[in-house]
1. More than 25 Å apart: what percent of Cα pairs in the range A:50-205 qualify?
2. Count the DSSP beta bridges whose two residues both fall in the protein assembly as shown, then state the antiparallel fraction as a percent rounded to the nearest 5.
3. Taking Rh as the Kirkwood radius, which is the inverse of the mean 1/r over Cα pairs, what is the Rg/Rh value for the protein assembly as shown?
4. How do A:416-423, A:554-561 rank on mean C-beta neighbours within 10 Å, highest first?
5. Scanning chain A for GluC sites (Glu not before Pro) in DSSP loops with at most 14 other Cβ atoms within 10 Å, what's the longest stretch left with none?
6. Using alpha-carbon pairs under 8 Å, 6+ residues apart, how would you state the relative contact order of the range A:486-614 in percent?
7. In debye, nearest 20, what is the charge dipole magnitude of chain A about its Cα centre with +1 on Lys and Arg Cβ and -1 on Asp and Glu Cβ, if you could check?
8. How high is the relative contact order of chain B, in percent, counting Cα pairs under 8 Å that sit 6 or more residues apart?
Amino acid sequence: MKVTKTKPRVALLGAPNCGKTSLFNALTGGRAKVANYPGVTVEYRKGELTTPEGKQAELLDLPGVYGDCGHSMDERVAISAIRGEIDGEAAPDGIIFVMDAVSINTHLHNVLQAKNYGLPIVLVLNMMDMAARDGIEIDIAVLEAALGVPVVSCVAVRSAGRAHLLDYIERWLPVLSEGKGVTPEHEADTLKDLQKKAREISSIAVVKSAHAQTHTETIDKFVLHPVLGPIILMLILFLMFQAVYSWSGPMMEGIEWVFGTVSGVVGSVLPDGWLKSLITDGIITGVGAVLVFIPQIVILFAFILLLEASGYMARAAFLVDTLMAKIGLNGRAFIPLLSSFACAIPGIMAARSIESERDRLTTILIAPLMTCSARWPVYFLVIAAFIPASKVGMFNLQGLVAFGLVVAGVVFALIAAFVLKKTLLKGGNSTLLLELPSYKAPVFRDYLRGLWDRAMIFVSRAGRIILPASIVVWFLVRYPTRENGLEGTFAGMMGKVLEPIFAPIGFTLEMVISLIPAMAAREVAVSSLATIYAVDEAAADSQLGGVLAADWSLATALAFLAWFVFAPQCLSTLAVMRKETHGWKWPIFAFAYLFILAYLAAGATYWIAKSAGL
Amino acid sequence: MTLNELNRKLTARITGFQTQDHDLETRLREIGFAEGDQVELMHVGLFGRNPMSVKLNGALIALRRNEASAVKIEVVQP
């Protein structure tokens, strides 16, 4: 069925890590319709391309795919999109096949496979500069003639390298609307035949001179060394968590100062009463308590995006594969799991790149155990209030505790995966087959854009979720009466019902109350605590950390931290699980098992800490 | 011999595939393994020398020994 459309649609197709996404950003200015999560492109993205003469086209960025079989969910998305099999989306009018010029010999047969889609196709040889450095010379004219498709060389990251491609697209777009495709290869050709043909073509079109070791090979001598490699990985992760603490202090103090000043000004202008309380105790305190963590979130993502863009992430998957094999998964699951450190939602979606369905389910179920950015505000708050910032050797004690919490999440995730693979999700054929891309310096603009996007997602959550939640919490902790403390309020009444469940694990009434709105987002626990205590005028300290330090015992604080290692409560995560697993069975299972673990861990922490006299 | 038996710093040529798993053969071919191509062992994991990575026509491919056993090779030079 043909869907009416005005502009020609062009799809970017190619292997994972061939530079499609940076080419997409370069051609469209990075304005895409689907949110770009760091990590694998799991959804396809759409953007607009304008040629120098003002012709327009719609550009699709698809998940990386090698052939046309579709072994995993995200590969099937790419192939269905090309074939026009996605509901409500017209098939593209043409394909820009992007290939990393360095690996032309390995992947040329994928172009011949792509010709079988029958669409007009142009081959873009990306990263020609790196190929030249590696001693690879490509005769474009010979390649074009032998392949039967036009070939454009390109360095996507440089504007001069893109201009050539834009000129080509300029001339190509009018041809596309005529709807003439390429002649497919012989249908009877097997993959083996196509490979043979591709090797013959590259033998005449590609000259590879003997060359010295490439940069990538030199770096990999250390990074993929069986002993040094895992040590380097641990150091990188450790440095990441240390940096999140050590570098963010001054910026956070700045943000706190801004909110404090605004609150002071508003407080002095407005008359005493409910409106002043709503704005200062409810909105400014609640939203400010979460926004203060922007510096940490940005630093965390600065690392994750850098690891991703540089090509290190696939190496990390290689390095952890042995460990993953022990629990019945493979190294590929590392990438969704690392994304889950930002947020479980892109992580759960990125699990689509895992071929085995059982492995994918296992990965989805353990993804919420990775320390997502919504948990950081809780960790930061409680750690800063209860753990001294003293040095242990060369390390900051607060950083060590945070690292310990993250490690606890990972360890329990591995145990959970191991148990799941032995019981409910037994079987499946987990394999590892992964290309390790050459190292490259990240494109500065793409990098900054990615970082900006992540920070904005965090800030917009503060607007969409935390602001309304703060107002609701403010109302619940103030009315109908606050005369006898929290007990007289709506929140106090709700908390009283739940308190008996949580009392055995040492949670106070305030903590129980903060967990209810935290269903909307985990960091709401922080803004709720801020509002709960801010409304209570008896609290002398204006900083939430100080209030908590005075009100909670250390055992209680540690139990709260232990709870948040598991923290089953996050409606968005459960919703995306339902979507990705087509039903409520797995999200309900995830909630139940995480709740039980959270309860047991918090209880154990509380009683052990108490018996140790803390 | 098969690729999983390849020891360090040897270059070998792929002679074919041997596996009951047709899907695995397709995946190996799609990512770039083909008859006649040269492979060189580059890196191995810490435990059981697993997984392994091989240089294949300028690309670096990581795979487990289990997958590698589907690739038949002959050693080119000792």
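1. Value for the range A:50-205 (Cα pairs over 25 Å): 30 percent.
2. Of all bridge pairs located within the protein assembly as shown, approximately 65 percent are antiparallel.
3. Here Rg/Rh amounts to 1.02.
4. The packing order, highest mean first, is A:554-561, A:416-423.
5. A:188-482
6. 27
7. Charge dipole, chain A, about its Cα centre: 640 debye, nearest 20.
8. It rounds to 47 percent for chain B.
The values are calculated or read from the model by the stated rules, or taken from the named source; none is laboratory data. All of these numbers come straight from a predicted model, not from anything done at the bench. Cβ: placed from backbone, ideal geometry, glycine included. Neighbour counts: every protein chain shown. Heads up: the accessible areas ignore ligands, DNA and RNA and are worked out on the full protein's heavy atoms, side chains in. Shrake-Rupley method; radii C 1.70, N 1.55, O 1.52, S 1.80 Å.
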